[in-house]
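**Q** My structure is below; once you've seen it, I'll send some questions.
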Amino acid sequence: MKIQPFQLERWQSIWENRVEINISESGVQPLTVEELVEDPKQLQALLRTPLGYPQTNGSPQTRSRVAELYPGARAENVLMTTGCAEANFLATWALVEPGDEVVYMEPNYLQIGPLAESFGAVVKPLWLRESLRWSFDPDELKKLVTPRTRIIAVCNPNNPTGAVLTEESMRMVCECAAKVGAWVIADEVYRGAELDGKLTESFWGRYERVICNAGLSKAYSLPGLRTGWIVAPPDLTDRLWAYHDYTTIGVSLLTDRLAGIALEPERRRKITDRTRAVIRSNYPIVQQWLGRHAEILRHTPPAAGAIAWVGYAMDWSSQELVEELRRSKNVLLVPGSQFGLEGFLRIGFGGEAEHLRRGLDRLSELFAERVPRKSQDRSLVAGD
């Protein structure tokens, strides 16, 4: 089996700790352990925790607290994983066989689609359309689904656009899957990071073959815990646990304990309130900056997530643009090509406000330095 290089993850891993200003992240400024565990007695108890092996599918308490996020779910529906990325990997690995078809939402975090291709599937992109405010055309979905469709994979709220599917679109996905007995894999890791404060509806409970994957990295601002989960029918959860035994085996004991604390209902509410406050405070900075470049930039406001998906009108590949920004301005962001769509940039606005302003100002400097020259080059070519 050959796998495609995961360009986004490699790009961020190499550079995110080496640049002066990083506005490539899609989450919110991470919490510290001290901020998460406010009770001194609870913190001291954690420090006395023997570092042994945990229950490999997750402790009953932590799985129960995850289940509370999904109406009707119970602990037996939940498998704890090392981040949402492992959840996506396990579900894809377990379900896809050579010759299957996978309908895959794009633009997207390019994990499930490339993995499915590596496992021998035919991947058929379901494109989100800018003209539809980053939703999909229902007629296109119907045409893509065939009796060979094994999975319909969606990301909702979407990375990188920040769009949220309507109830009608979610119903359509489940109806199309049901007609051919396909599974719906819903990556819902940004659920809880909505700008308007209204929790995004989950795919859970809409159809018997739904798998909901998520974790604590985005809406909960705890990426360093590497905590994720799968919510699925119990028989599938048991099957995926067997696959999990061949990957990371289980999350760490401290990760499980800290995740259980983060998901305690009152603590959970405080964390998501903080996340929403940060993105509501910082997004206007992005809006004001976009307004200064309205002649070359376009943007559909996100409904969720600390991410702005910005289109640009320049004869410049997104990878070349971000490479130049990194080299000349010491700023990191993500090119649209790493999400399968050229001519866009993903800008993260979940960090410190002043940090964001400085990064955007340096991007403005790059535009001022490079755009006139490139426009002039285009004119010369046209004249020839």
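The values are calculated or read from the model by the stated rules, or taken from the named source; none is laboratory data. None of the values given here were measured: they were computed from a predicted structure. Reconstructed Cβ throughout: ideal geometry from the backbone, glycine too, with neighbour counts over all protein chains shown.
**Q** Out of region 39-64, which residues are crowded, with 22+ Cβ neighbours inside 10 Å and more than 15 Å from Asp238 (Cβ to Cβ)?
**A** Thr62 - this is the single residue of region 39-64 that is crowded, with 22+ Cβ neighbours inside 10 Å and more than 15 Å from Asp238 (Cβ to Cβ).
**Q** A further question follows. Six or more apart or on different chains, Cβ under 7 Å: which pairs go from a residue in region 209-222 that's free of Cβ contacts under 8 Å to residues at least 40 places away in the same chain to one that's part of a strand (DSSP E or B) and of a type outside the set (Asp, Glu)? Could you list them?
**A** Between residues of region 209-222 that are free of Cβ contacts under 8 Å to residues at least 40 places away in the same chain and residues that are part of a strand (DSSP E or B) and of a type outside the set (Asp, Glu), the close pairs are Arg209/Trp183; Arg209/Val184; Val210/Val184; Val210/Ala186.
**Q** Please work out which one of (1) polar (S, T, N, Q); (2) over 18 Å from the mean Cα position of the chain (by Cα); (3) modelled with pLDDT of 95 or more is the condition Thr81 fails and give its number.
**A** (2)
**Q** Please find, among Ser328, Ser317, the residue that is over 16 Å from Arg362 (Cβ atoms) and either under 22 Å from the mean Cα position of the chain (by Cα) or at pLDDT 95 or above (or both). Give the derivation first.
**A** Working: Ser328 fails: over 16 Å from Arg362 (Cβ atoms).
Answer to the selection: Ser317.
**Q** Given the residues Thr56, Thr81, which is the only one that is assigned by TED's automatic domain parsing to the domain that holds Ile230 and closer than 30 Å to Leu332 by Cβ?
**A** Result of the check over Thr56, Thr81: Thr81.
**Q** A further question follows. Need a quick list: helices (runs of 4 or more DSSP H) entirely within region 246-338 having at least 1 residues that are of a type in the set (Lys, Arg), within 19 Å of Thr161 (Cβ to Cβ) and touching a helix residue (DSSP H, G or I) at 6+ places or on another chain (Cβ under 7 Å).
**A** none
**Q** Right, next: Could you check, for region 264-276, whether at least one of its residues is closer than 26 Å to Ala308 by Cβ, touching a residue at least 40 places away in the same chain (Cβ under 8 Å) and in contact with a strand residue (DSSP E or B) (Cβ under 8 Å, 6 or more places away or on another chain)?
**A** The answer is yes; a qualifying residue exists.
**Q** Being loosely packed, with under 11 Cβ neighbours inside 10 Å, in contact (Cβ under 8 Å) with a residue 40 or more places away in the chain and either of a type outside the set (A, V, I, L, M) or touching a strand residue (DSSP E or B) at 6+ places or on another chain (Cβ under 7 Å) (or both): is that true of Tyr70 here? Talk me through it step by step, then tell me what you get.
**A** Details: loosely packed, with under 11 Cβ neighbours inside 10 Å: no; in contact (Cβ under 8 Å) with a residue 40 or more places away in the chain: yes; either of a type outside the set (A, V, I, L, M) or touching a strand residue (DSSP E or B) at 6+ places or on another chain (Cβ under 7 Å) (or both): yes.
So Tyr70 fails the test.
**Q** Let me ask something else about it. Only one of these is touching a strand residue (DSSP E or B) at 6+ places or on another chain (Cβ under 8 Å) and over 20 Å from Leu236 (Cβ atoms): Ala186, Ala163. Name it.
**A** Working: Ala186 fails: over 20 Å from Leu236 (Cβ atoms).
Answer to the check: Ala163.
**Q** Follow-up question, since we're still on this one. Taking the stated definitions as given, is Ala214 within 11 Å of the chain's Cα centre (by Cα), under 21 Å from Arg276 (Cβ atoms) and not in a helix (DSSP H, G or I)?
**A** Yes; evaluated as a whole, the condition is true for this residue.
**Q** If you don't mind, there's one more thing I want to ask. If you take the residues of region 265-296 that are among the hydrophobic types (A, V, I, L, M, F, W, C) and surrounded by fewer than 19 Cβ atoms within 10 Å (Cβ to Cβ), which of them is nearest to Asn22 (Cα to Cα)? It would help to see each step written out before you state the result.
**A** Initially, region 265-296 is screened for residues among the hydrophobic types (A, V, I, L, M, F, W, C), giving 271, 277-279, 285-286, 289-290, 294, 296.
If we keep only those that are surrounded by fewer than 19 Cβ atoms within 10 Å (Cβ to Cβ) as well, we get 277, 285, 290, 294, 296.
Working: Ala277: 20, Ile285: 16, Leu290: 18, Ala294: 23, Ile296: 23 Å.
Checked region 265-296; the qualifying residue nearest to Asn22 (Cα to Cα) is Ile285.
**Q** Six or more apart or on different chains, Cβ atoms under 8 Å: show the pairs whose first residue is in region 133-145 and among the polar types (S, T, N, Q) and whose second is at pLDDT 95 or above.
**A** These pairs meet every condition: Ser135/Leu128; Ser135/Arg129; Ser135/Ala163; Ser135/Leu165; Ser135/Thr166; Ser135/Ser169.
**Q** Residues of region 188-198 being in contact (Cβ under 8 Å) with a residue 40 or more places away in the chain, in a loop (DSSP other than H, G, I, E, B) and either at negative phi or among the aromatic types (Phe, Trp, Tyr) (or both), which ones?
**A** Across region 188-198, the qualifying residues are Val189, Tyr190, Arg191, Ala193, Leu195, Asp196.
**Q** For region 193-216, enumerate the residues that are surrounded by fewer than 24 Cβ atoms within 10 Å (Cβ to Cβ) and among the small types (Gly, Ala, Ser).
**A** Gly197, Ser202, Gly205
**Q** Can you list residue pairs whose Cβ atoms sit under 6 Å apart, with the first residue in region 334-353 being not assigned by TED's automatic domain parsing to the domain that holds Gln111 and the second being at pLDDT 95 or above and basic (Lys, Arg)? Count only pairs 6 or more apart in sequence or on different chains.
**A** Close Cβ pairs (under 6 Å, with a partner that is at pLDDT 95 or above and basic (Lys, Arg)) amount to Val334/Arg346.
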